[in-house]
Amino acid sequence: MMLTESISIERVKKSRLSTIDFSNLGFGNHISDHMLVADYKNKSWQEPKIVPFGDMPMSPAMLSLHYGQTIFEGMKAFKNTKGEIIIFRPQRHHQRMNKSLARMCMPELSEELFLQSLSALTEVDSDWIPTQEGSSLYLRPFVFAYEAKLGVKIADEYKFIIITSPVGPYFAKPVKLKVEEEYVRAAEGGTGFAKCAGNYGGAFYPTMLAQKQGFDQVLWTDAKEHKYIDESGAMNIMFVLNGKLVTPQLTTSLLDGVTRDSILTLSSSLGIEKEERKVSIAEIEEGFKKGTLTEAFGVGTAAVVSTVASISIHGKNYELPPVNEKSFQLRAKKKLHDIRLGIEPDVHGWNYIVK
Ligand SMILES: *Cc1c(COP(=O)(O)O)cnc(C)c1O
């Protein structure tokens, strides 16, 4: 198909870059100057274009608004110690995006189109990639049904858009989790493994209820019995239990996180055995009681690692010991950071260098 050179670029008349306070970015507060847009029509993806970020026309009958065909991805770009632009594991994000698209009956994208679009856009807005410690450019590709028609149907027209946002270090304080035993995020056979917008919409209400009770996030359990752990909020969950790294195995009801996969892959070089299996609430509770549960943390692109302070199980609150520099989660986070910036060798070929 097309080459990066052929992606047409319409530049902004005036960059907004000088209005951004890079020492105080937060997450998702600013959107970079440009966006990439590609249309799907006549059964194929058309040439992508880079244009100034801005509003776009849409019909109130746009199918995605009514029937929910909309999916997204989230990944990060950095400047490494050599000053090169790197995107972390975009091929893996591409594979997952295609799984999400297939589940939602939406047209898949070629790896070439995906990588070239990401590369071209990060290059155009390369001055938006923050270089302060712990910051990055968050990349948000998404696809949604754009066709206007009121009848229930699989859309024939879509848009693939990428917007980007400079994000600062994530200094979240340790989170308080509540094991959710009433509401469900996803059931086996449903769309839990797809990064589709509806999963988020349905999670807001139970999360809001938990927050009213003083928790930060819910720990989702299986839809059938509420006995086994799926994931936490919008992150995969990991435990250090009996000295082993334990995480729920992948099913159709939880998301196959890239951070999850990266940390599992790095576990042996960090000197820990890993177990991907069913994880029951009962064994986590027992781990608290016996003192064999030493760490719990969420993992995802945004925060990388999010320390869990406590977990409420059947209304009883259990606290985790505080983390220190020897904690597995902090060592894993540092290793990922060092690989991305080129401080440690990238033996797994995770860094995609934008040329
Ligand atoms: C995106 C996401 C994750 C984390 O995936 P990463 O690829 O590590 O960012 C976990 N759970 C849910 C529900 C998600 O949407």
Exercise. Ignoring any ligand, DNA or RNA, what whole percent of the accessible area of the stretch 4-167 comes from carbon and sulfur when the probe is 1.4 angstrom?
Worked result: 52 percent
Seminar exercise, completed: Checked the stretch 144-222 against the a/c 1.5 cut and the a/b vs b/c comparison, axes a ≥ b ≥ c from its Cα gyration tensor; verdict oblate
Exercise. How high is the relative contact order of the stretch 4-167, given as a whole-number percent (alpha carbon pairs under 8 Å, six or more residues apart)?
Worked result: 34 percent
Exercise. When the scattering of the chain is computed by the Debye formula from its Cα atoms alone, each counted once and equally, what is log10 I(q)/I(0) at q = 0.08 Å⁻¹?
Worked result: -0.41
Seminar exercise, completed: Around Ile353 (Cβ within 13 Å, Cβ-to-Cβ, excluding Ile353; K/R +1, D/E -1) the net charge comes to +2
Seminar exercise, completed: Along the dipole axis of the chain (charges at Cβ: +1 for Lys and Arg, -1 for Asp and Glu; origin at the Cα centre), the most positive-end residue among Leu245, Phe72, Thr265 is Leu245
Seminar exercise, completed: Sorted on mean Cβ neighbours within 10 Å (highest first), peptides 67-77, 329-339, 18-28, 293-303 come out as 293-303, 67-77, 329-339, 18-28
For this session: For Asp156 and Arg140, compute 0.36 nm times the residue count separating them, minus their Cα-Cα distance, and round to one decimal in nm.
Result: 3.5 nm
Problem set entry | Rounded if a/c under 1.5, otherwise prolate or oblate - the stretch 1-134, Cα gyration tensor axes | prolate
For this session: Could you work out how far apart the two model spin labels at Asn42 and Asp21 are, taking each label as a point 7 Å from the Cα in the direction of the beta carbon, and quote it in nm?
Result: 5.0 nm
Seminar exercise, completed: Averaged per residue, the 1.4 Å probe accessible area of the stretch 175-339, protein heavy atoms only, in Å², is roughly 43 Å²
For this session: Using a 1.4 angstrom probe on the protein heavy atoms only, line up His94, His314 by accessible area, largest first.
Result: His314, His94
Exercise. Which ³J(HN,Hα) values, rounded to whole Hz and listed in residue order, are derived for the stretch 349-355 from phi using the Karplus coefficients 6.51, -1.76 and 1.60 in 6.51 cos²θ - 1.76 cosθ + 1.60 with θ = phi - 60°, glycine and proline given as x?
Worked result: x, 8, 7, 9, 8, 7, 9
For this session: Extending each Cα 7 Å along its Cβ direction at Ser268 and Met208, get the distance between those two points in nm, one decimal.
Result: 4.7 nm
For this session: Pop out the ³J(HN,Hα) list for the stretch 85-98 in order, Karplus 6.51 cos²θ - 1.76 cosθ + 1.60 with θ = phi - 60°, rounded to Hz; leave Gly and Pro as x.
Result: 7, 10, 10, 7, 6, x, 5, 5, 5, 4, 4, 5, 4, 5
Seminar exercise, completed: Averaged per residue, the 1.4 Å probe accessible area of the stretch 13-111, protein heavy atoms only, in Å², is roughly 51 Å²
For this session: Between Glu10 and Phe171, take the C-beta separation as r, use R0 = 41 Å, and let me know the FRET efficiency to the nearest 0.05.
Result: 0.65
Exercise. Could you give the nm distance between label points at Glu319 and Ser126, where each point is 7 Å from its Cα heading toward the beta carbon?
Worked result: 5.0 nm
For this session: With θ set to phi - 60°, apply the Karplus curve 6.51 cos²θ - 1.76 cosθ + 1.60 along the stretch 29-41 and write out the HN-Hα couplings as whole Hz, x wherever there is a Gly or Pro.
Result: 7, 10, 10, 5, 4, 10, 9, 10, 10, 10, 9, 10, 8
Seminar exercise, completed: Over the chain, the sum of -39500 (n - 2.57) across DSSP H runs of at least four, divided by residue number and rounded to 500 deg cm²/dmol, gives at 222 nm -7000 deg cm²/dmol
Exercise. Nearest 20 debye, what's the magnitude of the dipole of the chain about its Cα centre given +1 on Lys and Arg Cβ and -1 on Asp and Glu Cβ?
Worked result: 280 debye
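The values are calculated or read from the model by the stated rules, or taken from the named source; none is laboratory data. Source: prediction; values computed, not measured. When we count neighbours, we look across all protein chains shown, and the Cβ atoms used for this are built from the backbone with ideal geometry, even at glycine. Just the protein is used for accessible areas: all its heavy atoms, side chains included, with ligands, DNA and RNA removed. Shrake-Rupley method; radii C 1.70, N 1.55, O 1.52, S 1.80 Å.
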